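Contents: one structure, followed by commentary.
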Amino acid sequence: MLLGIDVGGTFTDAVIIENGRVLCKAKRHTTHGNVTDGLLAALDGVLENSGAADKLKRAAISTTLVTNAVATGRLPEVKIFAVPGPGFDCRKAFPAPPVIVEGYTDHRGQNVRHAKLPSAAGDFLPGVPAVVSAKFSVRNPESELALEKELKAHGAGKVVTGHSMSGLLGFIRRTNSAYYTAATLDLCGGFFALVREGLKRRAINAPLYVLKADGGTMPENLAARYTAETYFTGPAASVMGIKALVNPGRRAVSLDIGGTTTDIAFWENSRPLFGKRGAKINGYPTAVRALHLSSVPVGGDSCLTRTESGIAIGPRRMGPAMALGGPAPTLTDAFLLLRLDDFGDAEKARAAMHSLARPGETPEAVADEVMRTAADKIVAVIMEMIEEYALEPVYRVEDVVKARKFAPELVIGVGGAAKGLVPEIAGRLGLPFDIPADALVANAVGAAAARPTILGVLRVDTALGSCILPQAAQGMKIDRNFSVREGERLLTEWLRREAERSGVEFHGAETVWREEFPVIRDGWRSGSIINIAMQLTPGVFFTAKGVGGQ
Amino acid sequence: MTAPLGLVFFPAVDWMISETHPERQERLIYTYDQIVEEGLLDLAEIREYKPRVAARRDIERTHIVVPDLKDIVTDAHLVSAGGTLTAADAVMKREVKRAFALVRPPGHHAMRVAHGIRGFCTVNIEAIMIDYLRKTYNAGRIAVVDTDVHHGDGTQEIFYHDPDTLFISFHQDGHTLYPGSGFMEEAGSPYAFGANINLPLLPETGDRGVHLLFDELIRPILDDFQPDILINSAGQDNHYTDMLASMQVTAQGYARLADKLKADIAVLEGGYSIEAALPYVNTGIVLAMAGLDYSHVIEPDQRELRAEGNHTTARVAQLIRDGRALWSARGKLKAEKIAKAGSSWTRKKPIYYDTDGIREMQTETAFYCPKCPGYLTIDSSAWGSYFGEQSAFIAVVWAASCPDCGKKAYDAVLRAKKQGGHNYFFVQDKTKDLLERI
Ligand SMILES: [Zn+2]
Ligand SMILES: [Zn+2]
């Protein structure tokens with residue numbers, strides 16, 4: 001049995017899954033200030049029906065904790081030590097002004113000038129978390145490791161290095177990831193302890209996992225180290241829920257239509273599409289891998305206002321629907337009147353629509369207009385995403401010449417307002433649609449179902465005789481004939497060890513991309529450069545198409 | 001919002017001439033690494049564009065490929081040429097202030113008639129862009145400043161009869177470097193005299209010499225010409241580490257030049273020091289064109305950089321004197337040349353395709369008309385390793401040619417066909433935007 005928990009802004013959901021079935025589910029209000037209360041209430045909701053505390057093999061949680069902490073701007077001070085070397089002036093690229101450290105590593109990973117901490121660097125307060133990030137540290141982490149040691153000797157608090165964040169290029173992204181990680185270490189550490197405590201109080205001893213922005217999970221001990229990865233996990237949870245509930249084999253668009261927003265994702269070969277580079281946190285680009293998602297401010301609770309040209313939807317939320325005792329007309333009121341929803345007072349919904357009516361217009365006509373306007377807005381964003389996706393730069397001739405537009409064949413809807421809106425949207429697109437049972441707890445299902453993910457990057461330069469796995473800060477000498485296949489074997493081994501180390505069952509790894517090109521010196525091939533990225537095969541533990549929990 | 005810079009970045013990592021050829025698959029990979037590691041593609045000032053695929057019509061607006069486009073033009077060329085068109089559109093539609101087509105394969109050695117690859121170039125991507133700008137946006141005066149170390153002989157050849165396209169190329173003296181041309185006497189055909197300016201520099205010229213030449217000669221000429229669109233053929237092989245040439249320009253030298261030039265569109269050309277120069281030169285040019293601080297872009301290894309000698313500076317001073325004299329006297333000289341030419345002007349050109357080992361002999365005749373720019377005929381024969389021998393007779397009808405001249409051009413080709421002696425016959429009719437096979 002698997003336990004999934006989603007601590008959202010409004011609700012805390014819990015589900016228990018057995019043999020690919022949602023065995024029981026509970027939805028309780030999130031208790032801000034003391035999250036444990038809401039969490040315990042949701043746990044009780046699922047446990048009293050199943051009595052399954054000791055049969056749980058895994059507990060997984062999706063949380064907006066880091067998202068909220070960033071949004072409120074209450075982050076502790078973090079010192080950034082950056083080693084940019086020659087190039088772009090990065091002094092304004094980070095959330096906090098950096099201390100610039102002399103030194104340089106070039107694109108081949110050759111340490112041209114050793115990094116040297118300025119003499120005043122030791123003056124900052126001991127105990128303050130620090131970030132150490134050097135350009136091309138993923139090609140050679142030496143300078144970051146040396147500075148980390150020096151800073152610790154000066155009494156710095158926790159030190160987060162750029163190369164431990166990601167093995168991919170992007171100095172500013174790695175630095176920002178390290179910054180948001182350093183800034184949320186204590187916060188997340190405290191929160192995970194609370195969750196563990198809550199689980200214990202309900203006699204749940206299963207290992208705790210935390211959802212990541214890429215739709216995978218990581219064990220609590222890693223989550224406490226890579227806290228920035230837990231940013232933006234709400235939409236990722238719902239996408240993994242869709243994977244578990246529908247597992248669309250065709251090209252699909254999925255819509256999570258919640259209270260205030262609709263999150264849109266694209267699917268191909270049963271997998272959600274990824275964003276090209278990484279998530280932005282608070283406007284700063286980071287190395288956090290994330291799904292290719294768009295968010296439209298249209299949801300069941302979006303309040304409606306009459307304008308000269310029609311009806312405006314959202315973006316504000318004033319409260320729940322009038323049919324549910326709220327203060328202002330909402331999308332949900334319109335659905336209720338159109339009998340696309342059946343949860344609330346139909347007369348109040350009629351009154352809500354009437355308040356928006358032009359002279360002589362029936363409330364039904366208003367509801368119809370509301371529905372069409374909402375569908376228009378979402379369809380427009382879907383079309384925009386398709387255009388944008390077609391315009392994403394690629395760097396191979398073949399990829400330009402053979403490019404095809406993304407053409408969805410199915411619309412999937414989850415979330416509270418899906419039932420009301422998805423049929424209309426699918427109709428506009430001329431596509432069939434699917435609204436799975438348990439669509440209301442898709443996030444918690446996604447958390448329960450998501451497999452752990454780890455991405456590893458290997459850089460081999462046989463001309464220099466070097467082979468490095470930056471995240472492990474692990475280098476080794478290799479010979480001229482080192483091949484891509486050997487590289488993949490090495491990386492698979494590392495992924496297997498990492499999986500075991502974090503208590504994850506290894507069920508295979510896949511290559512995300514690989515490239516090999518020769519190094520030419522004076523007209524001769526003096527070696528080759530190999531870049532490989534591999535990951536634990538992502539996905540869900542089960543897919544439960546058509547199996548509901550009712 | 002109009003971003004300061006549109007960047008069409010296309011390293012074509014799956015295209016090469018051969019594994020050890022300078023124009024090989026990883027030529028821009030180190031540059032890609034640098035640009036991504038620096039985070040340039042994430043900056044709000046830079047908008048990245050995906051190149052489009054150029055159409056047959058886009059290529060044939062500029063080139064006559066013998067016997068046919070598909071015989072030598074690969075998908076890579078269509079994407080690289082398409083990249084310049086994407087850059088042009090981004091600027092002309094005001095989505096961005098300027099654009100840089102950081103694409104390969106390059107093009108500035110490709111001439112109007114193409115039998116194969118020369119100087120690593122198959123089709124001339126700037127020329128294709130210029131013809132596209134004229135056709136699509138009715139662009140008037142266009143200036144090209146070619147900052148590649150090699151003479152841009154293809155671009156010169158294609159616009160040699162066009163008084164509205166000012167071509168300025170500085171390069172290492174042709175006595176010491178491929179393609180061997182690019183002297184000041186090559187100043188344009190009579191009708192376009194003075195619109196082609198070659199500035200051959202001595203080997204070892206560096207930042208100081210190049211900037212002196214720019215400030216004292218190129219800048220004033222550009223100010224005088226007042227182009228509607230300014231293009232930079234942004235070759236980077238003047239760099240002090242480039243193995244194909246012997247110059248001493250640095251990344252700072254190139255970035256400052258891009259900053260002063262303020263080209264509307266830059267297009268990458270050569271540059272083969274793929275590890276020690278390109279990552280830094282491109283970072284510098286991108287930052288400069290985006291209006292960002294580039295002063296920290298310095299090669300980590302400057303051991304090969306040497307101070308400039310007096311002889312290179314003396315050559316620069318000479319070029320400034322001669323260039324000023326040519327520019328100020330161009331009106332008078334042009335009138336004299338036209339008077340001397342009479343109704344037509346002919347040049348015979350041997351053309352060598354070093355990459356493919358093809359030899360071509362061309363006779364090109366510009367026919368003049370009192371009512372219009374006239375028309376052009378080209379008699380081309382080539383001997384190549386893989387096709388044996390082939391020849392073509394071609395006429396070019398200019399966009400502003402009068403109907404009489406148009407008819408004369410077609411008649412000339414029909415006459416040649418009747419006489420026999422050539423394998424292929426074409427009319428490149430710019431009034432119809434068509435390349436017709438006769
Ligand atoms: Zn060149
Ligand atoms: Zn005429």
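The values are calculated or read from the model by the stated rules, or taken from the named source; none is laboratory data. Please read these numbers as outputs of a predicted model, since none were measured by experiment. Counting neighbours? That spans all protein chains shown, and the Cβs are built from the backbone with ideal geometry, glycine included.
Quick notes on this one:
- The residues of segment B:127-183 that are of a type in the set (Ser, Thr, Tyr) and more than 16 Å from ligand 1 (Cβ to nearest atom), listed by number, are B:Tyr132, B:Thr136, B:Tyr137, B:Tyr160, B:Thr165.
- Positions within segment A:96-112 being in a loop (DSSP other than H, G, I, E, B) and either among the small types (Gly, Ala, Ser) or surrounded by fewer than 19 Cβ atoms within 10 Å (Cβ to Cβ) (or both), in sequence order: A:Ala96, A:Pro97, A:Gly109, A:Gln110
- Counted residues, segment B:343-375 - those being among the acidic types (Asp, Glu), closer than 16 Å to B:Phe393 by Cβ and in contact (Cβ under 8 Å) with a residue 24 or more places away in the chain: 1
- Number of residues in segment B:399-427 that are touching a residue at least 40 places away in the same chain (Cβ under 8 Å), within 16 Å of ligand 2 (Cβ to nearest atom) and touching a helix residue (DSSP H, G or I) at 6+ places or on another chain (Cβ under 9 Å) equals 1.
- Only one of the listed residues (A:Val66, A:Val46) is of a type in the set (A, V, I, L, M, F, W, C), within 21 Å of A:Phe191 (Cα to Cα) and not in a loop (DSSP other than H, G, I, E, B). That residue is A:Val66.
- Some residue of segment B:348-358 being hydroxyl-bearing (Ser, Thr, Tyr), touching a Gly at 6+ places or on another chain (Cβ under 9 Å), assigned to a strand (DSSP E or B) and farther than 23 Å from B:Gly188 by Cβ: yes
- Unmet requirement for B:Val316, which otherwise passes all of (1) over 30 Å from B:Met92 (Cβ atoms); (2) at pLDDT 95 or above; (3) within 13 Å of chain A (Cβ to nearest Cβ): (3)
- Restricted to segment B:1-29, and to residues there that are more than 12 Å from chain A (Cβ to nearest Cβ) and among the hydrophobic types (A, V, I, L, M, F, W, C), the residue that is nearest to B:Ile72 (Cα to Cα) is B:Ile17.
- Close pairs from segment A:156-172: first under 15 Å from A:Arg289 (Cβ atoms), partner aliphatic (A, V, I, L, M) and buried (at least 24 other Cβ atoms within 10 Å of the Cβ), Cβ under 6 Å, at least 6 apart: A:Met165/A:Ala178; A:Met165/A:Ala287; A:Ser166/A:Ala287; A:Gly167/A:Val138; A:Gly170/A:Ala287
- Residue that is surrounded by the most Cβ atoms within 10 Å (Cβ to Cβ) [pool: residues in segment A:508-539 that are touching a Ser or Thr at 6+ places or on another chain (Cβ under 6 Å) and farther than 22 Å from A:Arg489 by Cα]: A:Ile520
- Tally, over segment A:497-538, of residues that are touching a Leu at 6+ places or on another chain (Cβ under 9 Å) and at positive phi: 2
- Options A:Glu488, A:Glu510, A:Glu498: the member that is outside the structural domain of A:Arg271 (by TED's automatic domain parsing) and over 22 Å from the mean Cα position of the chain (by Cα): A:Glu488
- Condition met for B:Leu292 (modelled with pLDDT of 95 or more, within 27 Å of the chain's Cα centre (by Cα), crowded, with 16+ Cβ neighbours inside 10 Å and within 14 Å of chain A (Cβ to nearest Cβ)): yes
- Highlighted here are the helices (runs of 4 or more DSSP H) found entirely within segment A:325-409 that include at least 3 residues which are away from chain B (no Cβ under 14 Å) and free of Cβ contacts under 8 Å to residues at least 24 places away in the same chain: A:346-354, A:363-390.
- The residue that is surrounded by the most Cβ atoms within 10 Å (Cβ to Cβ), among those in segment A:147-177 that are in a helix (DSSP H, G or I) and more than 14 Å from every other protein chain (Cβ to nearest Cβ), is A:Leu147.
- Leading residue by the ranking (modelled with the lowest pLDDT) among those in segment A:361-388 that are loosely packed, with under 15 Cβ neighbours inside 10 Å and more than 21 Å from A:Thr330 (Cα to Cα): A:Glu388
- Given (1) under 28 Å from B:Phe183 (Cβ atoms); (2) among the aliphatic types (A, V, I, L, M); (3) within 14 Å of chain A (Cβ to nearest Cβ), number of the condition B:Ile298 does not satisfy: (1)
Let's see how each residue does on (1) in contact with a strand residue (DSSP E or B) (Cβ under 7 Å, 6 or more places away or on another chain); (2) within 14 Å of chain A (Cβ to nearest Cβ); (3) of a type in the set (Lys, Arg); (4) away from ligand 1 (no atom under 16 Å from the Cβ):
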| residue | (1), (2), (3), (4) |
| --- | --- |
| B:Ala195 | yes, no, no, yes |
| B:Leu212 | no, no, no, yes |
| B:Glu216 | no, no, no, yes |
| B:Ser233 | yes, no, no, no |
| B:Met247 | yes, no, no, no |
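- Residues of segment B:371-398 satisfying the condition of being away from ligand 2 (no atom under 16 Å from the Cβ) and farther than 21 Å from B:Thr62 by Cα: B:Trp383, B:Gly384, B:Ser385, B:Tyr386, B:Phe387, B:Gly388, B:Glu389
- All conditions but one from (1) within 20 Å of B:Cys121 (Cβ to Cβ); (2) modelled with pLDDT of 95 or more; (3) within 23 Å of the chain's Cα centre (by Cα) apply to B:Thr377; the one that does not is (1).
- Residue within segment A:507-518 that is over 20 Å from A:Thr161 (Cβ atoms), within 14 Å of chain B (Cβ to nearest Cβ) and either hydrophobic (A, V, I, L, M, F, W, C) or touching a residue at least 40 places away in the same chain (Cβ under 8 Å) (or both) present: yes
- Taken over segment A:89-110, the criterion of being within 10 Å of chain B (Cβ to nearest Cβ) and acidic (Asp, Glu) is satisfied by A:Asp89, A:Asp106.
- Residue in segment B:56-70 that is within 12 Å of another protein chain (Cβ to nearest Cβ), touching a residue at least 24 places away in the same chain (Cβ under 8 Å) and touching a helix residue (DSSP H, G or I) at 6+ places or on another chain (Cβ under 7 Å) present: no
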